[in-house]
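K.L.:
Okay, handing you the structure first.
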Amino acid sequence: MSEKKWDVYVYGDVNADIIIPGVEKFPAPGQEDLVPSMETYVGGGAALFTLGLGRLGLRPAFQGAVGDDCYGHMIRETFEGAGVDTELLVTRKGERTGISLSFTNEHDRSFLTYRGTNRDISMDRAEVEKAGQARHIHVTGYEGEDSHESYARLLRRVKTETGATVSFDVGWDSTGNWSGRIYELFPWIDVLFMNETEAEHYGRTDSAEEAALHFARECGQAVVKLGKKGALAVKDGVVHRRGSYEVQAVDTTGAGDSFNAGYIYGFLKGQDIGACLQYGNACGACSVSAHGGNTGFPKEKEMLQFIEKNR
């Protein structure tokens with residue numbers, strides 16, 4: 001039994017996702033089109049990862065901010081219903097919760113986003129003293145040079161002051177620079193997550209596997225999400241691969257965050273890398289089978305049953 005208050009501490013973005021499926025085109029000015037449904041869910045990569053851990057039976061805590069509005073109340077209730085500690089979730093009076101409108105069809109998705117209370121997110125706002133009450137800390141949202149120094153300060157403090165293990169999910173670098181300075185962060189990271197494109201860009205390689213082999217020389221283990229091809233992980237120079245599960249994909253929102261949650265569940269349970277990859281792939285597959293980034297996410301028993309059924 002851990003003496004820590006929480007299993008995982010997460011700081012980052014949370015918003016309301018309004019999913020509007022079946023949108024093939026936008027109405028012309030002055031016209032109105034009908035859609036088959038319009039649903040509201042919790043969104044934001046950090047939030048979806050945290051919800052997944054809660055559904056798997058771990059004890060996560062989330063630090064972030066919502067507005068004093070209906071979406072903020074919905075987010076808090078959803079967190080608490082999934083077993084997430086909301087002690088560090090701040091409600092800002094007079095401010096509005098972030099909202100993302102997701103227009104989907106069989107071929108693509110497009111978004112309109114209002115950042116709201118997410119606009120002030122900075123790793124310098126993460127409460128390291130509070131984070132020290134968790135045995136693991138998850139960091140996400142890295143955006144290259146623009147945010148590098150704040151991430152370096154946070155990771156350095158986490159490693160020197162808390163003794164917690166750290167997972168790090170790299171975000172998309174919208175500047176296109178893919179700065180090599182990211183390697184400066186790797187010695188403080190136990191589990192590094194990237195998708196295939198991010199790995200190839202940051203690694204300056206032709207393959208995600210080659211990039212992961214480079215990364216894992218500096219961090220504890222490097223994990224690359226390969227979409228329909230599954231995922232791979234490298235530790236101590238050894239490459240581990242697991243294929244994906246075949247499901248009918250309805251909405252891919254949050255698939256990567258769901259994978260991360262399944263993988264870290266296995267990591268914190270002391271499972272080997274093969275099992276961690278299985279858990280990650282299973283959670284990602286279940287997630288995409290329903291609209292919303294977390295609606296299809298399984299509970300622990302459901303995940304294990306899904307894996308057993310699909311052996």
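The values are calculated or read from the model by the stated rules, or taken from the named source; none is laboratory data. Note that this is a predicted model, so its numbers are computed, not measured. For neighbour counting, all protein chains shown are included, and Cβ atoms are generated from backbone atoms with ideal geometry for every residue, glycine included. Surface accessibility is based on the protein's heavy atoms, side chains included, excluding ligands, DNA and RNA. Shrake-Rupley method; radii C 1.70, N 1.55, O 1.52, S 1.80 Å.
K.L.:
So which residues in the stretch 230-262 are of a type in the set (D, E, K, R) and surrounded by 22 or more Cβ atoms within 10 Å (Cβ to Cβ), if there are any at all?
P.N.:
Correct list: 251, 257.
K.L.:
Looking for whichever is surrounded by 22 or more Cβ atoms within 10 Å (Cβ to Cβ), free of Cβ contacts under 8 Å to residues at least 60 places away in the same chain and hydroxyl-bearing (Ser, Thr, Tyr) here; the options are 279, 265. Which one fits?
P.N.:
279
K.L.:
Starting from the stretch 18-47, keep only residues that are over 12 Å from residue 291 (Cβ atoms), then list their pairs with residues that are open to solvent by less than 70 Å² (accessible area, probe 1.4 Å) and basic (Lys, Arg) whose Cβ atoms are within a distance under 9 Å, requiring at least 6 positions of separation or different chains.
P.N.:
So the pair list comes out empty.
K.L.:
OK, next. Filter the stretch 59-88 down to the residues that are under 15 Å from residue 136 (Cα atoms) and in contact with a Leu (Cβ under 7 Å, 6 or more places away or on another chain), then identify the one that is surrounded by the fewest Cβ atoms within 10 Å (Cβ to Cβ). If you could, list the steps in order and put the result at the bottom.
P.N.:
Pass one, the stretch 59-88, residues under 15 Å from residue 136 (Cα atoms): 59-63, 84-85.
Then drop every residue that is not in contact with a Leu (Cβ under 7 Å, 6 or more places away or on another chain), which leaves 60-63, 84.
Numbers: 60: 27, 61: 25, 62: 29, 63: 22, 84: 25.
Per the criteria, the residue is 63.
K.L.:
Taking residue 245 and the conditions (1) farther than 18 Å from residue 140 by Cα; (2) in contact with a Phe, Trp or Tyr (Cβ under 7 Å, 6 or more places away or on another chain), which numbered condition does it fall short on, given that it satisfies the others?
P.N.:
(2)
K.L.:
In addition: Can you tell me which of 50, 91 is open to solvent by less than 10 Å² (accessible area, probe 1.4 Å) and not aromatic (Phe, Trp, Tyr)?
P.N.:
Numbers: 91 fails: open to solvent by less than 10 Å² (accessible area, probe 1.4 Å).
The unique qualifying residue is 50.
K.L.:
Do you know which residues across the stretch 166-194 are open to solvent by less than 50 Å² (accessible area, probe 1.4 Å) and under 18 Å from residue 136 (Cβ atoms)?
P.N.:
166, 167, 168, 169, 170, 185, 186, 189, 190, 191, 192, 193
K.L.:
Which of the following residues is in contact with a strand residue (DSSP E or B) (Cβ under 8 Å, 6 or more places away or on another chain) and assigned to a helix (DSSP H, G or I): 117, 91, 113, 97?
P.N.:
That would be 117, the only listed residue that is in contact with a strand residue (DSSP E or B) (Cβ under 8 Å, 6 or more places away or on another chain) and assigned to a helix (DSSP H, G or I).
K.L.:
So, residue 159, is that one under 29 Å from residue 246 (Cα atoms) and open to solvent by 10 Å² or more (accessible area, probe 1.4 Å) or not?
P.N.:
no
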